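Every number here is computed from the coordinates shown, using simple stated rules; none is lab data. Computed from a predicted structure; not experimentally measured. Glycine also receives a Cβ, built like all others from the backbone with ideal geometry; neighbour counts cover every protein chain displayed.
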Amino acid sequence: MPTMQTICKIEFRKLLHRKDLWLILSMLAIPALYSIGIYTHSSVITFNGTDKEYAMSFFVNMFHFVYALYIYFFVLSLISVRSLGGEIENRNILLYTQRINERKKLYQAKVTALTAMVLGVSAVFFVFSMLMFYLFAVHRTDLISSRFMVSNEFLSLILWFLSIVLAYILTIHFSLMLSTFLKFNTAVIIFILVLIASAFMSKFPIVSFLSIHYYIEQFGALDLSDSGGALRLFGINLAVVFLYSLVCKQVGVRRFERRDL
């Protein structure tokens, strides 16, 4: 029987060969367009801040802008549902289950491969944002500082970035769970409805703490020099994401183990 590491590698290679990955990578257009727009004094690009943007703040703001579009949650859900639910529908999953007796191991391998993809894309986004920043944006000395970071804001920016990454990881867990119950199209539609509901929940005081979007938006209003506040905010967000992900994984694995393929 293949080892867990081997299964994860196979799943990751499958993700790399899918055209969906290019949809995710289209997010690189955001820092590119913004940097070039600043460089060329484009009237489309507006800057409302009082302090100059620097490299690390530019990266996190661009990553948050991508998050705020919500389209990439939809794309990631498509990829996640297709990874398991699509293979169940077209019965390709049977090629796996004949060699792998533990369905839990297969489910976990898909979670791991999808999470590795998100982390990899995030790393590529960081490198590309830095490249665009120092190639183009940095030339606007009236708006941009050439510094890489500001020491008392660095931790808050890192935690803000990680909170967004956690939201994508939760998307993977929730989408995989849905794919064990529902057909491909239905699972994606349910995900979109829950995503919209969660975004609305973040605006209402009584239930806002149940929405991961609430914690991410709070980072946008936070004084970035307040590292203690950032740690508390991230800690709560991490606990909420961990709890939701754990529930989704347990339910998803149990359903997948009992489902007729």
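Rounded to whole Å and sorted largest first, what semi-axes of the equivalent ellipsoid does the C-alpha gyration tensor of segment 4-258 yield via the square root of 5 times each eigenvalue?
Three semi-axes, in Å: 35, 21, 16.
With +1 on each Lys and Arg Cβ and -1 on each Asp and Glu Cβ, and nothing else charged, work out how big the dipole of the chain is about its Cα centre, in Debye to the nearest 20.
Roughly 1240 debye for the chain.
Starting from the Cα gyration tensor of segment 131-261, take the square roots of the eigenvalues, sort them a ≥ b ≥ c, and report rounded, prolate or oblate (rounded when a/c is under 1.5, otherwise prolate if a/b is larger than b/c, else oblate).
Taking the square roots of the gyration eigenvalues as a ≥ b ≥ c, segment 131-261 is prolate.
Would you work out which of Leu95, Ile79, Val124 lies farthest towards the positive end of the dipole of the chain? Charges go on Cβ: Lys and Arg +1, Asp and Glu -1.
Leu95
Residue by residue, what Karplus-based ³J(HN,Hα) values in Hz, rounded to whole numbers, does segment 118-135 have, using 6.51, -1.76 and 1.60 with θ = phi - 60° and x for Gly and Pro?
Per-residue couplings from phi come out as 4, 5, x, 5, 4, 5, 4, 4, 4, 4, 5, 5, 4, 4, 5, 4, 7, 7 Hz.
Run the dipole for segment 107-257 about the Cα centre, Lys and Arg Cβ at +1, Asp and Glu Cβ at -1, nothing else charged, and hand back the magnitude in debye, nearest 20.
Computed charge dipole of segment 107-257: roughly 520 debye.
Among Phe161, His41, Ala137, pick out the residue whose Cα is farthest towards the positive end of the charge dipole of the chain, where Lys and Arg carry +1 and Asp and Glu carry -1 on C-beta, about the Cα centre.
Phe161
Quick check on the chain: helices-only [θ] at 222 nm, where DSSP H runs of length 4 and up contribute -39,500 (n - 2.57) each and the sum goes over total residues. Nearest 500, please.
Counting only the DSSP helices, I get -23500 deg cm²/dmol.
Given the peptides 175-183, 8-16, arrange them by the average over their residues of other C-beta atoms within 10 Å, most packed first.
Highest mean packing first, the order is 175-183, 8-16.
Of the options Ala55, Leu246, Ala29, report the single residue whose Cα projects farthest towards the positive end of the charge dipole of segment 4-258 (beta-carbon charges: Lys, Arg +1; Asp, Glu -1).
Farthest towards the positive pole: Leu246.
Take the alpha-carbon positions of segment 1-54, form their convex hull, and give its projected area averaged over all directions (one quarter of the hull surface) in nm².
6.5
Report the paramagnetic label zone for Asp20: residues of segment 56-84 whose backbone N is under 19 Å from a point 7 Å from Cα along the Cα-to-Cβ axis.
Backbone N within reach: 67, 70-84.
Quick check: residue separation of Arg13 and Ile189 times 0.36 nm, minus the Cα distance between them. What number comes out in nm?
Additional length available on full extension: 60.7 nm.
In whole percent, what relative contact order does the chain give with Cα contacts below 8 Å and a gap of six or more residues?
28 percent.
Work out how much length Met4 to Asn90 would gain on full extension: take 0.36 nm times their residue separation and subtract the Cα-Cα distance, in nm to one decimal.
28.6 nm
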